[in-house]
Amino acid sequence: MDGVGGALGLAGDQVVDALGTAALAPSVHNTQPWRFRLAPDRVELHPDPARRLPATDPEDRELRLSCGAALFNLRLGLRRHGIKPLVTVLPGHDAPGALAVVRRGGLRGLDEETAELVRAVPARRTNRRPFHDVPVPAAHRRALVRAAERERCWLHVVDDRAERARLQGFVAKAHRLQAEVPGVRAELSAWTGARVDDGVPPASAGVRPAPQDEWALRDFQAAARTPGRDYESDPLVVVLCSFYEGPEAEVQAGQALQRVLLAATALGLSASFLSQAVEVRSVREELRRSLGGLLVPQTVLRIGYGTHVPPTPRRAVADLLLEPCAP
Ligand SMILES: Cc1cc2nc3c(=O)[nH]c(=O)nc-3n(C[C@H](O)[C@H](O)[C@H](O)COP(=O)(O)O)c2cc1C
């Protein structure tokens, strides 16, 4: 792409490649609420206020999780070009308004674990369809827990039957509460269906909800379900938690989210979100208390062995760039 300057010692096309990797991150309703500012010595990650979801995500918590996921991908994109990224989350007056600044911390080649995550970036999808009724092996669960720990977060595996039932109740309750909020419904329909380079297209919508579903998945106006094609009976359900609250923790949790999702992809696993339980503040508080009160639940994932789903669209890198700062 013409006109993109270099940064961090990389040429323009390498920067475009790294930003393209960042932009493949998941984001709530595929809003892609991130922008980047380039300077010779840094890449800044900024939120895009035009892509907020004021009813669904009034405190921008999921916006920051999404940007955190893009930040993790950016780190991988830079590693692919031999750069060791040095990240400052919420840099303050160093880069006003930025959620993170990435500088060059020297050169570092790709180790096998990082290379595996890099390969998983374009293969990862949110998969809302039913999974196969095959349990996720204990070793894979441990690998996902480790992935969250590597990013200074905690992945709580919901194993206990009573706890699963309680979490199902939280998701269902939040789902019902959200259905009564016109703004939430309007945001969902605005970001669903035929859009050009963002939003959730019909092919990614999963299957239409049915009364027998145990977990209330968000309804993206999916096509009718093939009779008998029900959800798996026992998905792996996990709650990704941070150890503290606030914007910094949310960007951190976004990075952990993406490492967990990419580790899952590398292991052949699929994942989808059950975010309603953390989007409705009162339910999030109930969930937090049920986890003992110390951990801060940031998102809820359903994980298992899925079938193929197509990719969702992304905006061009040129549309993600902020004007460079005046020297
Ligand atoms: C913080 C966050 C919350 C999300 N919550 C939901 C959700 O509740 N339900 C859902 O179906 N997808 C959810 N998603 C998935 C996005 O809709 C998805 O990432 C986006 O459509 C892009 O598609 P992709 O993940 O396949 O690339 C969430 C994603 C993020 C990052």
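Read-outs: derived from the displayed coordinates by stated rules, not from any lab. On a predicted model such as this, the values are computed, not experimentally measured, just so you know. Heads up, the Cβs are rebuilt from the backbone with ideal geometry, glycines too, and the neighbour counts pull from every protein chain shown.
When only C-alpha pairs under 8 Å and at least 6 residues apart count, what is the relative contact order of the stretch 167-264, in percent? In percent, rounded to a whole number, it is 18.
Exposed loop sites here mean GluC sites (Glu not before Pro) with a DSSP loop assignment and at most 13 other beta-carbon atoms within 10 Å; the chain contains its longest site-free run at 60-179.
Global dimensions of the stretch 138-304 from alpha-carbon coordinates: Rg and Dmax equal 16.0, 45 Å. On the basis of the beta-carbon distance and an R0 of 41 Å, R289 and A11 show a calculated FRET efficiency of 0.20. Binning all Cα-Cα separations of the stretch 47-92 at 10 Å, short to long from zero, yields these whole-percent fractions: 24, 42, 26, 8, 0. DSSP beta bridges fully contained in the chain are about 90 percent antiparallel. The slack between L110 and Y244, meaning 0.36 nm per residue of separation minus the straight C-alpha distance, is 45.1 nm. Under the simplified labelling scheme, the R150-R281 pair shows an inter-label distance of 3.6 nm, with each label point 7 Å from Cα along Cα→Cβ. Each principal axis of the stretch 43-139 carries a Cα extent, and these read 51, 43, 22 Å when sorted largest first. With both labels modelled 7 Å from their Cα along Cα-to-Cβ, the R161 to T88 distance reads 5.4 nm.
Estimated at 0.36 nm per residue, the fully extended path between A318 and E214 surpasses their Cα-Cα distance by 33.2 nm. Relative contact order, whole percent, for the stretch 12-123 stands at 29, derived from Cα pairs under 8 Å and 6 or more residues apart. Rounded to two decimals, the Cα-based Rg/Rh of the stretch 143-213, with Kirkwood Rh, is 1.07. I need the shape label for the stretch 58-201. Rule: rounded when a/c is under 1.5, else prolate if a/b > b/c, else oblate, with a, b, c from the alpha carbon gyration tensor. It comes out oblate by the Cα gyration axes. Have a look at the DSSP beta bridges in the stretch 138-304 and tell me what percent are antiparallel, nearest 5. Of the beta bridges lying entirely in the stretch 138-304, close to 95 percent run antiparallel. Measuring nothing but how far apart in sequence close Cα pairs (under 8 Å, 6+ apart) lie, relative to its length, the chain scores a relative contact order of 25 percent.
Compactness check for the chain: Cα Rg over 2.2 N^0.38 Å is 0.96. The loop-placed trypsin sites (Lys or Arg not before Pro) in the stretch 218-276, going by DSSP, that have at most 14 neighbouring Cβ atoms within 10 Å of their Cβ come out as R229.
Value of Rg to Rh for the stretch 205-327, rounded to two decimals, is 1.03; Kirkwood radius and Rg both from alpha-carbon coordinates. Each part reduced to its alpha carbon centroid, the stretch 9-50 and the stretch 103-144 end up 20 Å apart.
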